[in-house]
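A short worksheet on the structure shown next.
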Amino acid sequence: MAAAIVSACSSPPVFDKNRAFDDLEQICSFGPRVANTEAHTKAGQFLYNSLRSTTDICRIQSFTIYDSTAGVSRRMFNIIASYYPEEKNRILLCAHWDSRPFSDQESDSSMMTLAIPGANDGASGTAILLEIGRILKVHKPPVGIDIALFDGEDYGTDNWRGGWFLGSRYFIQTLKGYRPRAAILLDMVGDSDLMIYREAISQQYAGDLNDYIWKIAAGIGAESFIDSVNHTVSDDHISLLSQGIKAVDIIDFDYPYWHTQADTPDKCSSESLGEVGNVIIEAVFNSGIRDF
């Protein structure tokens, strides 16, 4: 750990929603985070530096893929940070940080070739995890925590089915014995009109983890967590589930700006980031997290 006064918490620390929103805006300020671009490099360095300031155990996991849609090789990288490595029981918190390289949901076909800003779709979950990293620097939960920011989640198309979940798939290929007790994925969690339902695949394969999270949400009055199943979403949790890791996707898929040029910070809110951040903090600092 980076030098800090570390304390065990009798009650969970408070999540700073405003600082998380500042991070979301900073991430988006670099431009769309598409591999092989300056914006991608600068955003990745910012994310690494932010997590590295909260723990000594932070690394970049580089990999290269061939993008058949563009006919180029792209260098990508996951960013992985660990907290309290002495703890054998570990929980993985993750999000994707990349931007989709085209706006396939635009009604104007002339805009479809533009990369999306990715404020909600990528930056929101990432911003929450940066703030959680700051909390973990000074407060010790009852389990060890690993944070993974996955690259290359959003490159897939009908013509390139292998372009989805590139970073999380590379991550699981290099696990080398790493087996978290559970994983929580955050994606599209900053929408200012936030409504998070249980995602269907998560409910099918990790229903008890969903139960735990929604119980926590109800206990702190997080009204954006709706206790029913809605949407079947293919996301980075699929990669983790494929290796027998209990994983859930926390996502608001009812987002009208999805995969468009309008996915910008003004469509997100600090209140939404704060509500999700507090649920995750409550979940990982609750002693019940050890049961997974």
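Descriptive notes on the structure:
- Residue in region 33-40 that is at pLDDT 95 or above, farther than 30 Å from GLU87 by Cα, in a helix (DSSP H, G or I) and in contact with a Ser or Thr (Cβ under 9 Å, 6 or more places away or on another chain) present: yes
- If you go through region 227-253 and keep only what is in contact with a helix residue (DSSP H, G or I) (Cβ under 9 Å, 6 or more places away or on another chain) and either closer than 20 Å to ARG290 by Cβ or among the β-branched types (Val, Ile, Thr) (or both), you end up with VAL229, THR232, VAL233, ILE238, LEU240, ILE245, LYS246, ALA247, VAL248, ILE250, ILE251.
- Residue in region 139-162 that is within 26 Å of ASP254 (Cβ to Cβ), among the β-branched types (Val, Ile, Thr) and in contact with a Leu (Cβ under 8 Å, 6 or more places away or on another chain) present: no
- Residue check for ILE65: more than 26 Å from ILE213 (Cα to Cα), buried (at least 16 other Cβ atoms within 10 Å of the Cβ) and among the β-branched types (Val, Ile, Thr): yes
- Per-region count, region 198-249, residues in a helix (DSSP H, G or I) and either of a type in the set (Val, Ile, Thr) or in contact (Cβ under 8 Å) with a residue 12 or more places away in the chain (or both): 20
- Beta carbons closer than 6 Å, at least 6 apart along the sequence or on distinct chains, pair a first residue in region 158-180 that is hydrophobic (A, V, I, L, M, F, W, C) with a second that is part of a helix (DSSP H, G or I) and surrounded by 13 or more Cβ atoms within 10 Å (Cβ to Cβ) for PHE165/SER239; ILE172/SER239.
- On inspection, TYR48 qualifies as more than 29 Å from GLY288 (Cβ to Cβ) and either crowded, with 18+ Cβ neighbours inside 10 Å or acidic (Asp, Glu) (or both).
- Only one entry in ASP146, ASP98 is closer than 24 Å to ALA39 by Cα, touching a residue at least 24 places away in the same chain (Cβ under 8 Å), not in a helix (DSSP H, G or I) and not aliphatic (A, V, I, L, M), namely ASP98.
For (1) over 16 Å from the mean Cα position of the chain (by Cα); (2) farther than 22 Å from ILE196 by Cα; (3) not charged (D, E, K, R), each residue gets a yes or a no:
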{"position": "ALA123", "(1), (2), (3)": "no, no, yes"}
{"position": "PHE150", "(1), (2), (3)": "no, no, yes"}
{"position": "GLU153", "(1), (2), (3)": "no, no, no"}
{"position": "GLY162", "(1), (2), (3)": "yes, yes, yes"}
{"position": "TYR178", "(1), (2), (3)": "yes, yes, yes"}
{"position": "LEU185", "(1), (2), (3)": "no, no, yes"}
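- Residue in region 254-273 that is modelled with pLDDT of 95 or more, in a loop (DSSP other than H, G, I, E, B), among the small types (Gly, Ala, Ser) and under 20 Å from LEU130 (Cα atoms) present: yes
- Count - residues of region 235-269 that are within 17 Å of the chain's Cα centre (by Cα) and under 18 Å from ALA148 (Cβ atoms): 14
- Any chance LEU166 is in contact with a strand residue (DSSP E or B) (Cβ under 8 Å, 6 or more places away or on another chain), farther than 20 Å from SER270 by Cα and either of a type in the set (A, V, I, L, M, F, W, C) or surrounded by fewer than 19 Cβ atoms within 10 Å (Cβ to Cβ) (or both): yes
Okay, residues lined up against (1) over 20 Å from ASP56 (Cβ atoms); (2) touching a helix residue (DSSP H, G or I) at 6+ places or on another chain (Cβ under 7 Å):
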residue	(1), (2)
TRP97	yes, yes
ASP104	yes, no
ASN120	yes, yes
ALA148	no, yes
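The values are calculated or read from the model by the stated rules, or taken from the named source; none is laboratory data. Predicted, not measured: the structure shown is a model, and the values here were computed from it. Please note: Cβ atoms are built from the backbone with ideal geometry, for glycine as well, and neighbour counts cover all protein chains shown.
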